[in-house]
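Structure incoming, see below.
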Amino acid sequence: MPIKRVTKKKKNDDSTTYLYLTQETYDSEKKRSKTVIKESLGIEEPIAPLTNLTEEFAIVWASNRTLGNAVPFSERVIGKFPSEDENYGVELPCDIVECGKFRNGKRRWWCRTHQVHWGTNADVQQLEKNPENVRCANAIQPMNYTKDPFVLTPDIYAGGVGVWAALPTAINTTDEPELRKAEIHVHARPEKGGKKLVDRNYPAIVVACAENTPLFANVSIKRVVISPPSAIAYLEALIKKMPLGTLYCSRCNHPHLDLGDFAINPHKKHFCGNCGSDSNWSKEAIVSSPLKELADNLNKNSQFTQSDRALDLRDYSDCQFKIWASTPAILWTSDLPQEEGIHVHIYRDGKKVVDDTFGQVTDVDGAAMDREALLLQMFSKVEKGEIQCQ
């Protein structure tokens, strides 16, 4: 999943600024990122300062980028939020910080909100004179958001919690529409062996620590955001058995999050989304995610067990069904091992009659279903944009 962003360039013989849609990918042979221009967006018009800003408890994220780099700067987000029935289009003011110097000795700047470098000489002069009106090149990109997100405190659920990246089905014969966007699925049980108090999808969630129980071992982090981009990147790295770790920025000590192609291509040099520093190196080539350390500290059982149940869909010829390949959880605090197999929902006359995970599933033609093939079908819908993975 390549990273796309808007960049701007000024031509030598003209003071006009030209906007381009660029795409950043990781070149596995040269072990470095590569940026190519995909589309010209025309001339940059003067951007009026944001007005009618409100302050909300919210999670905001863009395609392959997460505000706060998974660890939020603050609980409240200042922005221009659309109406309540929408979850896309929020505009946020820039948060521009100094991020060192260029090789020629000039100061360099970074927008933490929109994750892009910033700053010509004219920009810097504007920053010094009128900082509230400064906008970076990515400021025009609308973002996804969810207000008052679900806050999950794992310690209060003695029966354990499970958090997954909710992907589209591999097979769906029902009339129900497919997921429009990747989401976060949560299970939570108040008591061991008890019923699930929480069993639903959310646009994004916040994982919070209980009092005196830090989420991370060596840094004081009390809240971690799990958004679709970070969840899918972590899931892909798990499935493809990438070397995972959590790298902390040598400049600001912020945990680093790899997304897009960087999440499936282990590398040693990493770019900090919090302060803009590109001088971070891991000892080995890894994929970095704060979710790795979060899982290491909270997960209680890392084992998997294959379901011993079998299902023959020919026994339900009058029914409709949804089928997924099981995926590893992002968080799993139960004492029990995770169950691996094929998850099936079967509906008869609009009522769900089967909701379980099976080790063997026979399709309506009598052939055995292959979990790996189903998993590829699920990810192909994400990659082809059949759902909006943002």
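Given the criteria touching a strand residue (DSSP E or B) at 6+ places or on another chain (Cβ under 8 Å) and under 30 Å from L247 (Cβ atoms), does T333 qualify?
The answer is yes for T333.
Return the pairs, sorted by first residue and then second, in which the second residue is loosely packed, with under 15 Cβ neighbours inside 10 Å and β-branched (V, I, T), the first residue lies in segment 137-156 and is closer than 30 Å to W118 by Cα and in contact (Cβ under 8 Å) with a residue 60 or more places away in the chain, the beta carbons are less than 8 Å apart, and the residues are 6+ apart or on different chains.
Hits for this filter: A139/I47; I140/I47.
Okay, next question. Kindly indicate which of A182, A210 is crowded, with 16+ Cβ neighbours inside 10 Å, among the small types (G, A, S) and either more than 24 Å from F379 (Cβ to Cβ) or outside the structural domain of Q320 (by TED's automatic domain parsing) (or both).
Exactly one of A182, A210 is crowded, with 16+ Cβ neighbours inside 10 Å, among the small types (G, A, S) and either more than 24 Å from F379 (Cβ to Cβ) or outside the structural domain of Q320 (by TED's automatic domain parsing) (or both), namely A182.
Output the residues belonging to segment 339-357 that are more than 18 Å from A329 (Cβ to Cβ) and surrounded by 14 or more Cβ atoms within 10 Å (Cβ to Cβ).
Scanning segment 339-357 gives V344, H345, I346, Y347, V354.
Are any residues in segment 358-372 surrounded by 10 or more Cβ atoms within 10 Å (Cβ to Cβ) and either under 15 Å from S317 (Cβ atoms) or in contact (Cβ under 8 Å) with a residue 60 or more places away in the chain (or both), and if so, which ones?
Answer for segment 358-372, where residues must be surrounded by 10 or more Cβ atoms within 10 Å (Cβ to Cβ) and either under 15 Å from S317 (Cβ atoms) or in contact (Cβ under 8 Å) with a residue 60 or more places away in the chain (or both): V361, T362, D363, V364.
Okay, next question. Residues that are touching a Ser or Thr at 6+ places or on another chain (Cβ under 6 Å): list the strands (runs of 3 or more DSSP E) wholly contained in segment 322-381 that include at least 1 such residues.
By residue number, 338-340, 342-348, 351-358.
Name the pairs: first residue in segment 100-119 and without any contact (Cβ under 8 Å) to a residue 12 or more places away in the chain, second residue assigned to a strand (DSSP E or B), Cβ to Cβ under 9 Å, at least 6 apart or on different chains?
K101/R107; K101/R108; F102/R108
The values are calculated or read from the model by the stated rules, or taken from the named source; none is laboratory data. None of these values were measured; they are calculated from a predicted model. Cβ coordinates were reconstructed from backbone atoms using ideal geometry, including for glycine residues, and neighbour counts include every protein chain displayed.
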